[in-house]
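Q: I have a structure I would like to understand better, so I am pasting it below and will then ask my questions one at a time.
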């Protein structure tokens, strides 16, 4: 296990090396791969050419924690993100579709492996060009407050579209996929893609931030108790948000007929994020005439991603997602 100080030193060293290439390196612990034989991605895109707007008064230090006790599995989490960026997974043969992936972490941190790189590698092996988003966290003092991750997600979709030709993708075939609190980022983007979350910074910002499809997976969604995930709610909105503030940041209350077709997956035995989050979002989307594909599984718990779904019926969810995406002309 590498301690936090080593993680910080490794991350800084990689950032300095990457600065010579003009982009910030992926969050890492040291220079090597944490799992033997599994290469680390190295291509990144910084979202904000002049730095992220509304920085907190005290500069943040990006820290990566390794939480895994299994040498065959990495389980890293990063916080103190001041340079939001996309980590790119290129397929050998692009199929023209792209996915913006927003990992979870309860808005406390952003999970790197099980809800980021693993699904990025899996989709890239099937022709998708994937972009894992390391977004800023709302509890770390950014001026945008609860909209800070949304502004990064909006900007990310626009940057992907602006660079579509570079990656062999079609600008009208961009999906958003998010997990847990990253599912909130995904659903927030799908319902509030047109909100003015930041001031335009370059030509990319004239492009639409609306994803063509959205897939919030076991999402944090409602900000109302008892359905809300308490930790995410507090970090996003504070300890005692008003009903108006809860509604403003609950995708179920922000759905419109323009919300993109949506794919939902949840386990009914999820002990962390109630399945009511997906059910309430489904009902709200259907009420607005939005096409919704919903898959509920008896067993799966929370945070299953790919690794914890193995050997259970819920392991079918990625294939179900791809099959549904084809009906929406992606993949």
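The values are calculated or read from the model by the stated rules, or taken from the named source; none is laboratory data. Note that the structure is predicted; figures quoted are calculated from it, not measured. When we count neighbours, we look across all protein chains shown, and the Cβ atoms used for this are built from the backbone with ideal geometry, even at glycine.
Q: Quick check on this structure: which one of 82, 68 is assigned to a loop (DSSP other than H, G, I, E, B) and touching a strand residue (DSSP E or B) at 6+ places or on another chain (Cβ under 9 Å)? Give the derivation first.
A: On the way: 82 fails: touching a strand residue (DSSP E or B) at 6+ places or on another chain (Cβ under 9 Å).
Checking each option against the conditions leaves just 68.
Q: Suppose we filter 117, 79 for residues that are out of contact with any helix residue (DSSP H, G or I) (no Cβ under 9 Å at 6 or more places or on another chain), surrounded by 17 or more Cβ atoms within 10 Å (Cβ to Cβ) and touching a residue at least 24 places away in the same chain (Cβ under 8 Å); which single one remains? If you could, list the steps in order and put the result at the bottom.
A: Details: 79 fails: out of contact with any helix residue (DSSP H, G or I) (no Cβ under 9 Å at 6 or more places or on another chain).
Sole residue among the options that is out of contact with any helix residue (DSSP H, G or I) (no Cβ under 9 Å at 6 or more places or on another chain), surrounded by 17 or more Cβ atoms within 10 Å (Cβ to Cβ) and touching a residue at least 24 places away in the same chain (Cβ under 8 Å): 117.
Q: Working carefully through the options 251, 318, find the one that is buried (at least 22 other Cβ atoms within 10 Å of the Cβ), within 18 Å of the chain's Cα centre (by Cα) and within 26 Å of residue 110 (Cβ to Cβ). First the steps, then the outcome.
A: Working: 318 fails: buried (at least 22 other Cβ atoms within 10 Å of the Cβ).
None of the others qualify; the one that does is 251.
Q: Does region 105-116 hold any residues that are under 11 Å from the mean Cα position of the chain (by Cα) and closer than 21 Å to residue 33 by Cβ, and which are they?
A: Once the filter is applied, which keeps residues that are under 11 Å from the mean Cα position of the chain (by Cα) and closer than 21 Å to residue 33 by Cβ, region 105-116 yields 110, 111, 112, 115, 116.
Q: Then there's this: Only one of 258, 283 is assigned to a helix (DSSP H, G or I) and farther than 18 Å from residue 104 by Cβ; which? It would help to see each step written out before you state the result.
A: Working: 258 fails: assigned to a helix (DSSP H, G or I).
None of the others qualify; the one that does is 283.
Q: So which residues in region 162-215 are surrounded by fewer than 21 Cβ atoms within 10 Å (Cβ to Cβ) and assigned to a helix (DSSP H, G or I)?
A: Result: 162, 164, 165, 166, 167, 203, 204, 205, 206.
Q: Can you tell me which residues in region 307-331 are at pLDDT 95 or above, within 21 Å of residue 102 (Cβ to Cβ) and in a loop (DSSP other than H, G, I, E, B)?
A: 328, 330
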